[in-house]
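A.B. asks: Please read through the structure below; I'll follow up with questions.
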Amino acid sequence: MTTDSSIAVLRQPDTIDDPLTAVLREGARRLLAEAIEAEAEVFLQLMRAERLADGQARFVRHGHGPERTIQTGIGEVPVQRVKVRDRSATADGSAAERIRFTSAILPKWARRTPSLDALLPVLYLRGVSTGDFQEALAALLGKDAPNLSPSVIARLTQDWQAAYDRWQGRDLKARRYVYIWADGVYLQARMEDTASCMLVIIGATPEGRKELLGFQVGERESAQSWRELLVDLKARGLSIAPEIAVGDGAMGFWKALEEIFPTARHQRCWQHKLVNILNKVPKSVQPGIKEALREVRDAPDRATAEAAISVFDEKYAAKYPKAVECLTKDREPLLAFFDFPAEHWDHLRTANPIESVFATVRHRTVRTKGALSRKTARLMVFKLIMAASKSWRRLKGENQLPKVIAGIKFTDGVAADVTANQDAA
C-alpha cells in the first residue's frame, strides 16, 4: 500500500485566476531589473577613469538595496535598487565631493509609476473619495493598494498645489508662442452647484510643440476673466503676441485679445461654428447643410471657399436666414487660416487641442455626493492637463514656423517667393 498523496489547492471564491497578468508582471520585473542593471553599468563605464591613489577603481558595485514593490498599471512589481560604492572615503568615513549613483528609472523613494499619479485626478473627478481609492484600485494594484492610502493622497494634493503654484509663477520672458488655442470649458462633475468655467490657453512654440500656456478658473467666459488671464501672461514676460489665435465665438475672449494682443489674427473654430449653424436648422436638412459647410472649410484656396459661401447663401438664405447669417458674419475669421502654411490648416481650423483634453472628463464624469471645491477642482483638472500634455503631438510642418515668425506672407497656404520679391524691388 502506498502512502503517497496529492493535495490540490482549491481556488477561493474571491480569487481571480489570471495567468496573463502574472506573466506580464514577471516580464515587467525582469525588464525593469535588466534596465536598472544596465543603467548602473553605464554609470560605472563613465566613471572608469576615476581611480584611487593606489590605482584601484574608485566606483564599484556594492550589491542591491532591499526589495520593494512598485505600484504599476498591472499591479505590484518587486524591484531592487542597484548600489554603487564610492571608495574615495577616508579612514574616518568622510569623503570630499562624494559622488552618488542615483537611478533615473527607479528613484530612491519611488513607490508608484507616474501613470498612476495621473490616474488619481480622474478618479477624483469621477466621484471617488480619497478614502475609497484603495478599494477602487485594488483590482489593478493588488490587495489594499498600500501606497495609495488616504494619507498618501493628502500629501499628493499638497504636491499638486505646489506644482501648480510654481507653474503659475513661471517666467515667460524667454518664451514665444506662434499660435494659441483658447476655450472656456465647463465641468459640472463633482463641483459646486454653479459650474465653474476653466479658461484654458494652449500655445505652439517655434519648434512646433504644444504647451499649456494659461489656465484659470472663473465664473464664466467674460471679457474680464479672459483679460485677467492674458494680462497675467503678459506681466510674466510674454511680450510677443501670437500670430493667430483659435477659439469659438465667445465674445469675451476676442474682446480681451484685441486689448492685450491687438496684432494677433483671429481664427474661429470650424467645429463650434458647424454645431452653431446646425442648431438653427431642422434635422431634415442638416446633412445637406453639413456637406455644404465642409466644402467651405476644406476648400483648396480662399477663392473657392468664398464661392462656396456664396452658393450656401443662395441655397439657404430665404428659408434659413439665421443659419446663413451665423456663417457670413464670421466670414473673415473663419477663412484666416488660408494666410498661413497649408501644413498647419488642420491645426488652425479647430480648437480640438483643448477639446480633446477635456473630452474624456466631460463625457464620463457624473455629479456625485461630496462636490469638489473650486480649489480642488482646479488642481484636479490642472494635473489632468499636464499629464495629457506629455502625449501631445507636434504640429505638422514645423519647418514652416520660422517663415511665419519671419513675417513671410502666405497666400492660400503657400509662402511668397522671397527671392522674386527682392529682385523686383
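The values are calculated or read from the model by the stated rules, or taken from the named source; none is laboratory data. These figures come from a predicted structure and were not determined experimentally. Because the Cβ atoms are built from the backbone with ideal geometry, glycine has one as well, and the counts that use them run over all protein chains shown. Just so you know, the surface numbers come from the protein's heavy atoms only, side chains and all, with ligands and any DNA or RNA stripped out. Shrake-Rupley method; radii C 1.70, N 1.55, O 1.52, S 1.80 Å.
A.B. asks: Restricting the search to the stretch 267-280, which residues are farther than 11 Å from A182 by Cα and of a type outside the set (D, E, K, R)?
C.D. replies: Within the stretch 267-280, the first condition is being farther than 11 Å from A182 by Cα, and the residues that meet it are 270-280.
Hits for the stretch 267-280 are W270, Q271, H272, L274, V275, N276, I277, L278, N279.
Yes/no per residue for (1) among the hydrophobic types (A, V, I, L, M, F, W, C); (2) outside any helix (DSSP H, G or I); (3) under 20 Å from G247 (Cα atoms):
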{"residue": "A303", "(1), (2), (3)": "yes, no, no"}
{"residue": "E306", "(1), (2), (3)": "no, no, no"}
{"residue": "V311", "(1), (2), (3)": "yes, no, no"}
{"residue": "E314", "(1), (2), (3)": "no, no, no"}
{"residue": "K319", "(1), (2), (3)": "no, yes, no"}
{"residue": "A323", "(1), (2), (3)": "yes, no, yes"}
{"residue": "P353", "(1), (2), (3)": "no, no, yes"}
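A.B. asks: Turning to a different aspect of this structure: Given the criterion among the hydroxyl-bearing types (S, T, Y) and out of contact with any helix residue (DSSP H, G or I) (no Cβ under 6 Å at 6 or more places or on another chain), identify the matching residue among T350, T328. Before the answer, list the steps.
C.D. replies: On the way: T350 fails: out of contact with any helix residue (DSSP H, G or I) (no Cβ under 6 Å at 6 or more places or on another chain).
Unique residue meeting the criteria: T328.
A.B. asks: Now for a different question. Has the stretch 183-197 got at least one residue that is touching a strand residue (DSSP E or B) at 6+ places or on another chain (Cβ under 8 Å), modelled with pLDDT under 60, crowded, with 17+ Cβ neighbours inside 10 Å and not in a loop (DSSP other than H, G, I, E, B)?
C.D. replies: Among the residues of the stretch 183-197, not one is touching a strand residue (DSSP E or B) at 6+ places or on another chain (Cβ under 8 Å), modelled with pLDDT under 60, crowded, with 17+ Cβ neighbours inside 10 Å and not in a loop (DSSP other than H, G, I, E, B), which makes the answer no.
A.B. asks: For the stretch 393-403, give me each residue that is touching a His at 6+ places or on another chain (Cβ under 8 Å) and among the aliphatic types (A, V, I, L, M).
C.D. replies: If the condition is that a residue be touching a His at 6+ places or on another chain (Cβ under 8 Å) and among the aliphatic types (A, V, I, L, M), then L395 is the only one that fits.
A.B. asks: Test of understanding: among E50, E37, E76, which residue is surrounded by 13 or more Cβ atoms within 10 Å (Cβ to Cβ), modelled with pLDDT of 85 or more and acidic (D, E)?
C.D. replies: E50
A.B. asks: Shifting gears a bit: Working only within the stretch 221-242, note down all residues that are open to solvent by less than 50 Å² (accessible area, probe 1.4 Å), in contact with a helix residue (DSSP H, G or I) (Cβ under 7 Å, 6 or more places away or on another chain) and among the charged types (D, E, K, R).
C.D. replies: Across the stretch 221-242, the qualifying residue is only E221.
A.B. asks: May I ask you to list pairs of residues, at least six apart or on different chains, whose Cβ atoms are under 6 Å apart, with the first in the stretch 398-409 being open to solvent by 60 Å² or more (accessible area, probe 1.4 Å) and the second being of a type in the set (K, R)?
C.D. replies: Every condition considered, no pair remains.
A.B. asks: Is there a residue being of a type outside the set (D, E), touching a residue at least 24 places away in the same chain (Cβ under 8 Å), in contact with a Gly (Cβ under 9 Å, 6 or more places away or on another chain) and open to solvent by 40 Å² or more (accessible area, probe 1.4 Å) anywhere in the stretch 213-220?
C.D. replies: yes
A.B. asks: If the Cβ limit is 7 Å and pairs must be 6+ apart or interchain, which residue in the stretch 261-288 that is closer than 22 Å to P333 by Cα and open to solvent by 50 Å² or more (accessible area, probe 1.4 Å) pairs with which residue that is acidic (D, E) and at pLDDT 95 or above?
C.D. replies: R265/E243
To keep it simple, each residue is scored yes or no on (1) free of Cβ contacts under 8 Å to residues at least 40 places away in the same chain; (2) hydrophobic (A, V, I, L, M, F, W, C); (3) at positive phi; (4) open to solvent by 60 Å² or more (accessible area, probe 1.4 Å).
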{"site": "E306", "(1), (2), (3), (4)": "yes, no, no, no"}
{"site": "E314", "(1), (2), (3), (4)": "yes, no, no, yes"}
{"site": "A318", "(1), (2), (3), (4)": "yes, yes, no, yes"}
{"site": "T328", "(1), (2), (3), (4)": "yes, no, no, no"}
{"site": "P333", "(1), (2), (3), (4)": "no, no, no, no"}
{"site": "A336", "(1), (2), (3), (4)": "no, yes, no, no"}
{"site": "F340", "(1), (2), (3), (4)": "no, yes, no, no"}
{"site": "W345", "(1), (2), (3), (4)": "no, yes, no, no"}
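A.B. asks: Another question, if that's okay. Quick one: would you say A162 is part of a helix (DSSP H, G or I) and modelled with pLDDT under 55?
C.D. replies: Against the criterion (part of a helix (DSSP H, G or I) and modelled with pLDDT under 55), A162 does not qualify.
A.B. asks: Here's another thing I want to ask about it. What do you reckon, is G249 touching a residue at least 12 places away in the same chain (Cβ under 8 Å), open to solvent by 30 Å² or more (accessible area, probe 1.4 Å) and either of a type in the set (A, V, I, L, M, F, W, C) or assigned to a loop (DSSP other than H, G, I, E, B) (or both)?
C.D. replies: Working: touching a residue at least 12 places away in the same chain (Cβ under 8 Å): yes; open to solvent by 30 Å² or more (accessible area, probe 1.4 Å): yes; either of a type in the set (A, V, I, L, M, F, W, C) or assigned to a loop (DSSP other than H, G, I, E, B) (or both): yes.
So G249 passes the test.
A.B. asks: Would you please name the residue that is modelled with the highest pLDDT, looking only at residues in the stretch 355-392 that are in contact with a Gly (Cβ under 9 Å, 6 or more places away or on another chain) and either polar (S, T, N, Q) or closer than 20 Å to G214 by Cα (or both)?
C.D. replies: The residue in question is T365.
A.B. asks: List the number of the failed condition for S151; all other conditions in (1) open to solvent by 60 Å² or more (accessible area, probe 1.4 Å); (2) modelled with pLDDT of 85 or more hold.
C.D. replies: Exception for S151: condition (2).
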